[in-house]
1. Rounded, prolate or oblate: pick one for the stretch 24-71, where a ≥ b ≥ c are the square roots of the eigenvalues of its C-alpha gyration tensor, a/c under 1.5 means rounded, and failing that, prolate if a/b is larger than b/c, else oblate.
2. Once neighbouring chains are kept in place and the probe is 1.4 Å, which whole percent of the accessible area of the chain is contributed by carbon and sulfur?
3. Run the helix sum for the chain: -39,500 (n - 2.57) per DSSP H stretch of 4+ residues, divided by residue count, reported at 222 nm to the nearest 500 deg cm²/dmol.
4. At a Förster distance of 41 Å, what's the computed FRET efficiency of Arg331 paired with Lys226, Cβ-Cβ distance as r, to 0.05?
5. Tell me, in nm to one decimal, what length is gained between Ala394 and Glu366 on full extension, where the rule is 0.36 nm per residue of separation less the Cα-Cα distance?
6. Give me the one-decimal nm value for the distance between modelled label points at Cys205 and Ser33, 7 Å along each residue's Cα-to-Cβ direction.
7. Quick check: the distance between the Cα centres of the stretch 135-156 and the stretch 305-359, to the nearest angstrom?
8. Can you give me the relative contact order of the chain as a percent, contacts being Cα pairs under 8 Å and 6 or more apart?
Amino acid sequence: MCPRVIEKPGTARGPRPNLEDWARARADFRWESAKSQLDGLPAGRGLNIAHEAVDRHVLAGRGARIALSWLPKRGTRVDFSYADLMRRTNRFANALGQLDVREGDRVFALLGRIPELYVAALGALKHRAVFCPMFSAFGPEPVRQRMELGEARVLVTTAALYEKKVAHLRDSLPRLEHVIVVGDPAPVGTLSFRELTDRASPEFCIEPTSAEAPALLHFTSGTTGKPKGALHVHQAVLMHHLTGKLALDLHSEDLFWCTADPGWVTGTSYGIIAPLTNGATMLVDEAEFDAERWYRTLQDQKVTVWYTAPTAIRMLMKAGNELPKHFDLSRVRFAASVGEPLNPEAVVWGADTLGLPFHDNWWQTETGGIMIANYASMPIRPGSMGRPLPGIEAAVVRRTAGGV
């Protein structure tokens, strides 16, 4: 444990933190009161993640705000407003209906970080299907395992990924009825994403959705054996929203960049749902890690809140302390990290080299949302994962000779 405590300056960047007094917030917290931060479906028809992430902002007159800013590997940024996202996700939801996909059916995605991935995720949730993302770098066997265990009925992918990783598996996946391919032409035996959505209506009414209805299926990494599925319900959106607001300090005016791929739980919970429910703009970079590109992205896109992984931070450290000096990173007001233990040296390096420390936090695929965090308003002890979120109890358990 690093003995240095990193204090926050009184003139911290950006707006006042959403959580200013941790002790009071914990004492006053009530889950029932917290639910009032969500709208719910109109006319009391339940709770749906996609409505909270997209439609409610449009209904409240905020449809012109940018929801998603996409950076392709090559070329210029493409922006999608909340209204754009609503129409596109409506079309995908209608397309699923035309394929006779039903509530609870499993819609898998094997895609890179392209707009169609985000449309498919939210459109599936609108349709009340269960969405399951897969990491596009998976080999054929991890893909087969997850689709078999998750009883995939629909897969959304690209022609290249389909031909390389899925086509030869079709006979071993009898539940897989529809493969929807992004990009033209669609291989034999698949459907075109563009054709399906182009002929679908941009109007869609989300059917009544129980807060306890299944919504998201995530798999553990499989490093200790066969990957295990963790099923999360629509009410999980409450945790996504609150932790985005309190642990990541998201405000509606933020430009938020979560570098995690949506194929993992972080990239879905905080790369899609949390920023959108909080009305922020989420940045999506299609390209893989490159230190100079990342610094340029932080500067040119004017990122204000940045959520990344310890491995990425260590790669930035390896790239040297001179490189970031060529970029203006002053717009970044909050940086956080998750995915594995964050070594104290990385926290200190962020404070000394980038001008702001990384705020470590802790959670799991099984929890679906942040449980313990370092907060914008509090000093950081490098090497510490922080303190529990309001509404969460954490304890240290000591194992003794006689048991726990």
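The values are calculated or read from the model by the stated rules, or taken from the named source; none is laboratory data. Note that the structure is predicted; figures quoted are calculated from it, not measured. Glycine also receives a Cβ, built like all others from the backbone with ideal geometry; neighbour counts cover every protein chain displayed. Surface accessibility is based on the protein's heavy atoms, side chains included, excluding ligands, DNA and RNA. Shrake-Rupley method; radii C 1.70, N 1.55, O 1.52, S 1.80 Å.
1. Working: a/c = 2.66, a/b = 1.52, b/c = 1.75.
In terms of gyration-tensor shape, oblate.
2. Values: 8980 of 17660 Å².
Percent of accessible area from carbon and sulfur atoms in the chain: 51.
3. On the way: 14 runs with 110 residues, N = 404.
Helices in the chain give a 222 nm mean residue ellipticity of -7000 deg cm²/dmol.
4. On the way: r = 44 Å, r/R0 = 1.07.
For R0 = 41 Å, the calculated efficiency reads 0.40.
5. On the way: separation 28, 0.36 × 28 = 10.08 nm, distance 1.55 nm.
Result for the pair: 8.5 nm of gain on full extension.
6. Simple spin-label model gives 3.6 nm for this pair.
7. One Cα centre to the other: 33 Å.
8. Numbers: 780 pairs, mean separation 77.5, N = 404.
Across the chain, relative contact order equals 19 percent.
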